[in-house]
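**Student:** Before I ask anything, let me first share the structure, which is written out below as structure tokens.
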């Protein structure tokens, strides 16, 4: 892995702790019995010696829950948005027809504490970046383990830079010029080329692996010497290539 230089030596040392780990995307899940982002998937990742990447949302009652989509439909079959739910609402929902329910962030942290590292993605909705960031940081203040935070939303990184600069923060991105995802031309241009990075100052860049050669990503990795993270690797060939490029690997659908 390449050497990452920071003005903060303590943060640099904490980043080095991630170098030898492989990260199971949404846990070590497999259809149909072990759903993504379930306690079973995270337990399997721990048992197999992997770290994990996971997704965190802020519920209506202030609880933090782990699920990828804001929409409940794909994973639970129910209509609605997770941010509109309370913990009690989620207790009745099951993931992909299994006995697994939507875990709380606290439950996942308890499982990983003192064991494997976590790459934690903050999922924002309706301008809740500040509230979500603050709630996640508060939960992590008493957690014993290796972790970092990342988000597609630069407002999360900006909040972290201003309020918790000690925390390792990463910018998620991809080629939005090819896949707009509802963004305007200028939003897609800024996101693709990481132009907001000069304000948010990320410690690492988590870029979609097939898009990693975009100019903005290459600038941050090769000129500014930021650590790169590769998502999501779905073959041994991609995995080996990511390692050869010094990227932290987030994998899925196979075991490295």
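**Student:** Given (1) -0.32, -0.97, -1.34; (2) -0.29, -0.96, -1.46; (3) -0.43, -0.97, -1.25, which label gives log10 I(q)/I(0) by the Debye sum over Cα atoms at q = 0.08, 0.14, 0.17 Å⁻¹ as computed from the coordinates?
**Tutor:** So the structure-derived entry is (2).
**Student:** Follow-up. Over the chain, with a Gaussian network built from C-alpha contacts below 10 Å, which listed residue (63, 98, 124) shows the highest mean-square fluctuation?
**Tutor:** Top of the fluctuation ranking is 98.
**Student:** Right, next: Rank 136, 102, 223 by mean-square fluctuation in a GNM of the chain with C-alpha springs under 10 angstrom and give only the top-ranked residue.
**Tutor:** Answer for the Gaussian network model of the chain: 223.
**Student:** Using only helices, what value at 222 nm comes out for the chain when you add -39,500 (n - 2.57) per DSSP H run of length 4 or more and divide by the total residues, to the nearest 500 deg cm²/dmol? Write out the running numbers ahead of the final one.
**Tutor:** Details: 11 runs with 80 residues, N = 256.
Calculated mean residue ellipticity at 222 nm is -8000 deg cm²/dmol.
**Student:** Moving on to the next point. Residue separation times 0.36 nm, minus the C-alpha to C-alpha distance between residue 181 and residue 99: what's the value?
**Tutor:** Numbers: separation 82, 0.36 × 82 = 29.52 nm, distance 3.24 nm.
Value of the extension gain: 26.3 nm.
**Student:** While we're on this one: Compare the peptides 44-52, 22-30, 82-90 by average per-residue count of other Cβ atoms within 10 angstrom and give them in order, highest first. Provide the component values of the computation, followed by the final result.
**Tutor:** Details: 44-52: 18.7, 22-30: 23.4, 82-90: 16.9.
Descending packing order for the listed peptides: 22-30, 44-52, 82-90.
**Student:** Can you give me the Cα centroid spacing of region 39-89 and region 186-256 in angstrom?
**Tutor:** With region 39-89 and region 186-256 each reduced to a Cα centre, they are spaced 24 Å.
**Student:** Mind telling me which of 42, 105, 219 comes out most flexible in a GNM of the chain, alpha-carbon contacts under 10 Å?
**Tutor:** 219
Rule-based calculations on the coordinates, nothing more; no lab input. This is a predicted model, so every value here is computed, not measured. Counting neighbours? That spans all protein chains shown, and the Cβs are built from the backbone with ideal geometry, glycine included.
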